[in-house]
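Student: Pasting a structure here, questions to come.
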Amino acid sequence: MPVRVWPRAPSMSKLQIISDKNKKSLKIRDQLLKQIKLYNFKKENLIIVVGGDGFMLQTLKKYKNFKKQFYGINSGNYGFLMNKFSSKNIIKNLTRANLVSISPLEMVVKNRHNQIKKSIAINEVSVLRQSRQAASLSIKKGSQIIIKKLVSDGVLVSTPAGSTAYNLSVHGPILSLHSKKLSISPISPFRPRRWKGRIINDNSNIVITNLNPLKRPISSVADNLEVRNAKSIRIKTNKKIKFHLLYDKSRSLQKKIKIEQLRKETF
């Protein structure tokens with residue numbers, strides 16, 4: 001009986017370039033391909049991601065089960081997770097880039113039909129009111145009550161890497177990348193009006209409960225994945241998952257966070 005030979009799967013150990021589909025991203029990708037070919041640049045287990053922060057988050061989650069390193073090139077607006085593209089210095093930057101490893105949050109949501117949905121969040125888990133009614137929430141850290149009843153537009157649980165994103169916009173604290181902390185920040189708190197949130201250890205198990213799911217429905221969002229009609233949300237750091245990000249020496253993730261801590265707003 002003849003032996004059937006199946007086609008081999010594409011190797012996951014070679015350098016890959018993944019680009020967003022907008023014109024700017026595609027132009028950078030084409031320039032990058034020329035430079036890589038010109039200098040015969042090879043680096044195993046590297047994925048170069050061309051796009052904005054949202055595209056990077058999407059790509060990280062897609063490849064979370066592969067032990068890859070990610071070098072982001074910004075073609076979006078802010079590009080906090082990305083590097084600035086330099087056609088002249090790109091090969092040198094890739095060769096000398098510094099490695100930073102981060103772990104995501106794991107979100108486990110039970111909805112009002114008792115269905116369980118899971119996702120991971122690299123920046124933050126945001127719990128948001130789903131109607132004109134403010135959310136009514138209780139927040140626990142393990143068995144310890146952080147706040148018995150929070151009436152607000154919602155609440156954020158942020159990682160250090162995400163503390164300069166949505167968390168900063170709601171006046172949450174900026175966390176050092178190596179702080180081993182998480183930030184819990186209220187969104188437009190109504191009662192208690194002056195509650196500023198809490199900084200907790202990243203080993204904590206956080207439980208957010210909707211105190212009135214019928215009258216005050218909420219949704220829970222892990223970065224950009226939304227689960228509606230949430231009844232309870234469990235959040236913890238998943239340290240079994242590590243994302244390995246590469247940054248140019250002059251613009252490391254630690255430096256970007258430090259700049260945000262020192263930045264003064266101008267109007």
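Student: Take residue 26 and residue 201, extend 7 Å from each Cα along the Cα→Cβ direction, and tell me the distance between the two endpoints in nm.
Tutor: Going by the 7 Å Cα→Cβ label model, 5.2 nm.
Student: Further question: What is the local net charge at residue 234, summed over the other residues whose Cβ is closer than 9 Å to its Cβ (Lys, Arg +1; Asp, Glu -1)?
Tutor: +1
Student: Please list, in order along segment 112-121, the HN-Hα scalar couplings obtained from phi with the Karplus expression 6.51 cos²θ - 1.76 cosθ + 1.60 (θ = phi - 60°), rounded to whole Hz, x for Gly and Pro.
Tutor: Rounded to whole hertz, the list is 5, 9, 6, 7, 9, 10, 10, 7, 10, 9.
Student: Restricting to Cα atoms and excluding each atom paired with itself, what does the Kirkwood estimate give for the chain in Å?
Tutor: 20.1 Å
Student: Give the angle, between 0 and 90 degrees and rounded to the nearest 10, that separates the Cα long axis of helix 253-262 from the longest principal axis of the Cα atoms of the chain.
Tutor: The helix 253-262 is inclined about 50 degrees to the chain.
Student: Reachable aspartates and glutamates from residue 110, Cα under 17 Å, same-chain residues fewer than 8 places away excluded?
Tutor: Cross-link targets: 226.
Student: When a/c is below 1.5 the answer is rounded, else prolate if a/b is larger than b/c, else oblate, so apply that to segment 130-196 with a ≥ b ≥ c taken from the square roots of the Cα gyration tensor eigenvalues. Mind showing how you got there, number by number?
Tutor: Values: a/c = 2.31, a/b = 1.44, b/c = 1.61.
Cα axes put segment 130-196 in the oblate bin.
Student: Okay, moving on. Pick from 58, 254, 144 the residue whose mean-square fluctuation is largest in a GNM of the chain, springs joining Cα atoms under 10 Å.
Tutor: Judging by the Gaussian network model, the answer is 144.
Student: Still on this structure, please answer the following. How far apart, in nm, are the 7 Å Cα→Cβ label points at residue 88 and residue 145?
Tutor: 6.3 nm
Student: Have a look at 162, 142, 72 and tell me which one the Gaussian network model of the chain (Cα, springs below 10 Å) gives the largest fluctuation.
Tutor: Highest fluctuation of the listed residues: 142.
Student: Please compute the modelled spin-label separation between residue 34 and residue 116, points set 7 Å along Cα→Cβ, answer in nm with one decimal.
Tutor: Spacing of the two 7 Å Cα→Cβ label points: 5.3 nm.
Student: Let me ask you something else. Looking at the chain only, what percent of DSSP beta bridges run antiparallel? Nearest 5 please. Mind showing how you got there, number by number?
Tutor: Numbers: 56 of 70 bridges.
Percent antiparallel among DSSP bridges in the chain is about 80.
Student: Taking the number of other C-beta atoms within 10 Å as the exposure measure, put 175, 33, 214 in order starting with the fewest.
Tutor: Sorted ascending by nearby Cβ count, the order is 214, 33, 175.
Student: Provide 39, 247, 166 in ascending order of the number of other Cβ atoms located within 10 Å of each residue's Cβ, fewest first. Kindly include the intermediate steps, with their values, before the conclusion.
Tutor: Details: 39 13, 247 21, 166 18.
In order of increasing Cβ crowding within 10 Å: 39, 166, 247.
Student: Taking a 32 Å limit on the Cα-Cα distance, which of the listed pairs 24/196; 149/256; 24/67; 23/43 fall beyond it? Write out the running numbers ahead of the final one.
Tutor: Details: 24/196 40 Å; 149/256 35 Å; 24/67 28 Å; 23/43 26 Å.
24/196; 149/256, as the Cα separations exceed 32 Å there.
Student: Please list the non-local residues whose amide H lies under 5 Å from the amide H of residue 48, H modeled 1.01 Å from N, same-chain partners needing a gap of 5 or more.
Tutor: Residues meeting the amide H criterion: 16, 17, 18, 71.
Laboratory data are not the source of any read-out in this text; all were calculated from the coordinates shown. Treat the numbers as computed from the prediction; the structure is a model and nothing was measured. Using ideal geometry, Cβ is built from the backbone for each residue, glycine included, and neighbour counts are taken over all protein chains shown.
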